[in-house]
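S.K.: The structure is given below, and queries will be raised subsequently.
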Amino acid sequence: MISTTTNKKEVVDFLWDWAGDSDWAKLLVHKVVSTESYLLRTDREEVFKYFLQSIGLEKGLPAIAITKPSYSPTSKTIELSALSEVTGVNRLAKEQTITFAPNLTVIYGENGTGKTGYGRILKALGFSYDQNNTILSNIFGAAEPQSAKIEFNANGNPKTFAWVGKNRNDDLSNISVFNNNCVQISLDGSRQLIVSPIGFHLFNLVSSELGALDSLLQGKKNEYPIQISWIENLNLNTPQQVFINALSKDSSDQELVELSTFGDEHERELTAKELELSKLNKALLQNEIRGLNSQSTDLDDIIEKVDQAKLVLNTDKWQQLITINKSIAELEKNTQKGISAIAAAKGIEFYETNEFKAFLSSAEAYIKKILKLDYPQNGDVCIYCRQPLETDAKELLGNYRRLLNDESEENLAKLKKSKQALIGSVNGIDTVLKLNQPSFGIDDKENPIQPAELKAYNRDIELLKKEFISGVVSEDSVFNYKYEELKSFLSNKTSQIQDSLTTKKKLLENIETKEAELKKIVAELKDRKYLSAKVDEIRKVVGNHKTLSILSKNAGSFSTSSISRKTSQARKELVSQDFNSIFQQELKALRKSGMPIELSFGTDRGKTKLSHKISNHQLLEILSEGEQKSIALAEFLTELQFDNIKAPVIFDDPVNSLDHKIIDSFAKRVIRLSDQRQVVIFTHSVLLFNSLLYLSSQPSFKHLSYKFYNSLKEYDFVGIITDAEEEKNKVTRNIKKINALINNKPKDRTEVEVANEGFGELRSAIELCIEHEIFKGTIQRYQKHVSLGKFIQINTDGLGKHKDTLNDMYERCCGYINAHSNPVQVCNDPTIEDLTADFEEFKKIRSEFT
């Protein structure tokens, strides 16, 4: 909003001080003061070019010869004429018109009668502490497009604005609105002033323009890209890559030349090094090393198996087998000879058979089982047939037992077991040894060659193995295989392979070093060649770095901190003292001058902020609702006096929580305010309404123009506008409503509901009739004075005649209407017939007093 109060010292003086010696800042101030609005894009770009010239990034602009501009505040008077043709706003009825008085317009109505709906339209067009401008359509019916017609005068020129829900008008944007929500917002911590003191909007504009210039600065920076899109094409850690990766405003052009020079000699060197590198076959060498390692392992496996054979099949083992065979034969011979001699002497047949031997062994085992260890003795019988033993039989059995219990048989068994163990160990010898790797080359079928020495080993050991396993080894035979010859043959081959491995590994180590060296040289030459084609681009990027450095260094030129400090200085010298003085006057007018409220001012991006406390406490923490509203109203009224544009002021229910004394004081204050600018009040307070109505007739204020309206509800719609000066506290309005209820019964309501409403209207009619027509307005509700001049006009005869009838009728009304409850057991539902009867009687009585 353009600010419009007059100060002794020019705000321009502070802005000019802020600009200092800067041509671009002076140009900015001059353009802002001249237009009192945001700059055109071309003007802003002009200021920015002079900024660039001041830091050496622009040339050729003409010199600026600007003197401090003069400033004349805008003066304008806005006056509402009418609000009509409202659609789609809450439940406001159509075809209603509010015609505004030049000074004070009051719209009175109970809660829910549509006052705030009209106020919301005006608030959406103007400004307020409360910036919530959401307006809903009728949520109980079909949504309609929002619209309204606003007729007004701007400096005496009639204008019409068609509001369609979101659009605004520059003139109407100066309307100021105060509602209940403003109290919390106004007193909660610190807030911006909604009215900018004269010229202070220029600080806001300069601050906003600095933000816009900063955006231009950021956009200017984008004109100087420093990204190198092809840096990944360079080889890591080459001098060229390191240089490009670290490009800055300080990058040396000499170093760039040194790193990007590439001639015929460099080309020849690159070709030669690439060829040399291609001849280093590291993969082949690595494959050969893997093959030799496999051959060495293969030979080690063969040698290990030969060593295992040597452990179990050698001269000692061979001789051991011969010795065991001889011992077994000797024991078997002796054992067989003893039994045979006894059996032959006694004429026993088949004594050499295994069956006979088994028979004797079984008998011996049985004798041990029955514990006849000294069997046979005199008197013993045969253990099989239980017959007495003859002398020969007894002798024969004794001899058998002596031979069978000899240890020769046990020793024989042990020797046989040892023999089997020797044979078993030899049986595991592998005699099909085979090389899996080509240590001795490959044959025509691409298979590894098996050396003759290995084949001979397999053949010779297999023969010795078979002979040993058979167990039949002659005493004069000799084990004559020489394992060491094969092992020596194989070990020699292993040594050859290890020597080859050592040689190749050393070669591989050297090839890696050589390869790394060649790759480094090739990478540097390739990057040098690549960079030689990018020199101009690189120089441009370095130049961009330098330009960006200059822009970043001077980016603080558009900081709003300096303008905020200058605003604070101007506020302290031009605003704070006057504001506090006026605020104290407003508190006094609202009977709150005793409150020690401390006001303090601050600045946020060029905008003035206000905070208030009492003894270092927030006002919302310690004050009552009425006190909070009084102070919020005082601040609002104070701010209005800093606004030179005389635009309408809207109050929506401004006296909630205020006592009757403050309500009267507020009524006087807004009537005085209406002498300076148009005031519109929406209220449901009958105290405020009657106070304003009374004051409007007093000599001090009779010269002002007023309009008093009622906002009513009819069925599903609200905002029915009627002239309150004609109908407020008049019986005719109630009579019209009762006639409508009786003669036009709503189809969507029950008879009881309609009759209840009718009796409510009749009750109000009786009250108003007694107050204004019977007692002639001698004493009126909510009015402070008594009119003794009207007292003598009272029809005392009629009063005595009808007072009982009116009292009975009034009590019936109170029993019917919703505001009064009746005992459950009493059936007291009214009918239209009851209403009609009492209504006709009331009209008859009333006719005697009017």
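S.K.: How big is the accessible area of C385 in square angstrom, nearest 10, if you roll a 1.4 angstrom probe over the protein chains?
M.R.: Its heavy atoms expose roughly 70 Å² to the probe.
S.K.: Okay, helix-only estimate at 222 nm for the chain: each DSSP H run of n ≥ 4 adds -39500 (n - 2.57), divide by all residues, round to 500 deg cm²/dmol; what do you get?
M.R.: The helix contribution divided over the chain gives -17500 deg cm²/dmol.
S.K.: Could I ask something else about it? Could you order the peptides 213-221, 751-759 from most to least packed, using the average number of other C-beta atoms within 10 Å per residue?
M.R.: Listed from highest to lowest mean packing, they are 751-759, 213-221.
S.K.: A further question on this structure: Taking only the alpha-carbon atoms of the chain, what semi-axes of the equivalent ellipsoid follow from 5 times the gyration tensor eigenvalues under a square root, in whole Å, largest first?
M.R.: Numbers: eigenvalues 3113, 696, 103 Å².
One finds semi-axes of 125, 59, 23 Å for the chain.
S.K.: By its C-alpha gyration tensor, with a ≥ b ≥ c as the square roots of the eigenvalues, how is segment 478-592 shaped: rounded for a/c under 1.5, else prolate for a/b larger than b/c, else oblate?
M.R.: oblate
S.K.: Considering only protein heavy atoms, what per residue accessible area in square angstrom results for the chain with a 1.4 angstrom probe?
M.R.: About 53 Å² of surface per residue is accessible.
S.K.: For the Cα atoms of the chain, what angle does the longest principal axis make with the long axis of helix 483-532, in degrees from 0 to 90, nearest 10?
M.R.: For helix 483-532, the angle is close to 30 degrees.
S.K.: Where does each of L712, L136 land when they are ordered by accessible area, with a 1.4 Å probe and the largest first? Mind showing how you got there, number by number?
M.R.: Numbers: L712 35, L136 100 Å².
My answer, sorted largest first, is L136, L712.
S.K.: Another question, if that's okay. Report the accessible area of V472, computed with a 1.4 Å probe over the heavy atoms of all protein chains in place, in Å² rounded to the nearest 10.
M.R.: For V472, the solvent-accessible surface is approximately 110 Å².
S.K.: To continue, here is another question. Please list, by residue number, every one of the trypsin sites (Lys or Arg not before Pro) in segment 461-557 that is coil in DSSP and has at most 13 other beta-carbon atoms within 10 Å.
M.R.: Sites meeting the loop and neighbour criteria: K482.
S.K.: Net charge around A142, counting only other residues with Cβ within less than 13 Å of its Cβ (Lys, Arg = +1; Asp, Glu = -1)?
M.R.: Here the count lands on -1.
S.K.: Rounding to the nearest 10 and keeping the result within 0 to 90°, find how far the Cα-based axis of helix 625-640 lies from the longest principal axis of the chain.
M.R.: Compared with the principal axis, the helix lies near 70 degrees.
S.K.: Considering only DSSP beta bridges with both partners in the chain, what is the antiparallel share in %, to the nearest 5?
M.R.: About 65 percent, rounded to the nearest 5.
S.K.: Of E627, E144, which has the most accessible area with a 1.4 Å probe, and how do the rest follow in descending order?
M.R.: On the way: E627 50, E144 75 Å².
Per-residue accessible area, sorted high to low, gives E144, E627.
S.K.: Determine the sum of side-chain charges near L464: Lys and Arg each +1, Asp and Glu each -1, restricted to other residues whose C-beta is under 13 angstrom from that of L464.
M.R.: Overall, the nearby charge balance is +3.
S.K.: According to the square roots a ≥ b ≥ c of the eigenvalues of the Cα gyration tensor, what is the shape class of segment 235-276, taking rounded for a/c under 1.5, prolate for a/b larger than b/c otherwise, and oblate for the remainder?
M.R.: Because a/c hits 1.5 or more and a/b fails to exceed b/c, segment 235-276 counts as oblate.
S.K.: Quick one: with all protein chains in place, what share of the accessible area of the chain is carbon or sulfur, to the nearest percent (1.4 Å probe)?
M.R.: Values: 21910 of 45300 Å².
Within the chain, the accessible surface is 48 percent carbon and sulfur.
S.K.: Right, here's the next one. Sort Y810, Y118 by heavy-atom solvent-accessible area, probe 1.4 angstrom, most to least.
M.R.: Y810, Y118
S.K.: Net charge within 14 Å of T850 by Cβ-Cβ distance, Lys/Arg positive one each and Asp/Glu negative one each, not counting T850 itself?
M.R.: +2
The values are calculated or read from the model by the stated rules, or taken from the named source; none is laboratory data. Since this is a predicted model, take the numbers as computed values, not measurements. Note that we place each Cβ from the backbone using ideal geometry, even for glycine, and neighbour counts take in every protein chain shown. Heavy atoms of the whole protein, side chains included, go into the accessibility calculation; ligands, DNA and RNA do not. Shrake-Rupley method; radii C 1.70, N 1.55, O 1.52, S 1.80 Å.
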